[in-house]
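Read through the structure below, which is laid out as structure tokens, and then see the notes.
The values are calculated or read from the model by the stated rules, or taken from the named source; none is laboratory data. If you're wondering where the values come from, they're calculated on a predicted model, not measured in any experiment. Because the Cβ atoms are built from the backbone with ideal geometry, glycine has one as well, and the counts that use them run over all protein chains shown. Remember, those area values only see protein heavy atoms, side chains included, never the ligands or the DNA or RNA. Shrake-Rupley method; radii C 1.70, N 1.55, O 1.52, S 1.80 Å.
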Amino acid sequence: MNGASILYTNSGTSKYNVVLTPQDYSDEVNITWTSSNPDVATIDQNGVVTPIKTGKTLIQATVIASYMNGTEKVNSLSTQLTQNVTIIDSDDIFKNS
């Protein structure tokens, strides 16, 4: 999973992605995104994080991927990926400079 681990309160959104390797496993991919602390940051089902206020949250992607083996669909991957995210107040950066 790639995406920023530090975001700023007024920086807008940030996009997270999951990259599957090898690509054979990506015929059908379902990803469910969650934030452990939606009061600090939310994440939509496209992987877009929106910072809300200062604090910490854990962004989690639950990935289920499958591929076709001939005419049979095979579940090849089921995993959870996590990223700790810290939200910092942008105003605090300039106050301390």
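If you take the residues of the range 75-97 that are of a type in the set (A, V, I, L, M, F, W, C) and at pLDDT below 70, which of them is least open to solvent (accessible area, probe 1.4 Å)?
93
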Response to the item:
For the range 31-69, the count of residues that are open to solvent by less than 20 Å² (accessible area, probe 1.4 Å) and not in a strand (DSSP E or B) equals 2
Worksheet item: Looking at (1) modelled with pLDDT under 90; (2) under 11 Å from the mean Cα position of the chain (by Cα); (3) buried (at least 16 other Cβ atoms within 10 Å of the Cβ), which is the one condition that is false for residue 8?
Response: (2)
Item to complete: Scan the range 30-40 residue by residue and report those that are touching a Gly at 6+ places or on another chain (Cβ under 8 Å) and within 19 Å of residue 18 (Cβ to Cβ).
Response: 31, 33
Worksheet item: Does residue 21 satisfy the criteria of being of a type in the set (S, T, N, Q), modelled with pLDDT under 85 and under 20 Å from residue 60 (Cβ atoms)?
Response: yes
Item to complete: Would you be able to tell me the number of residues in the range 47-74 that are at pLDDT 90 or above and farther than 14 Å from residue 17 by Cα?
Response: 9
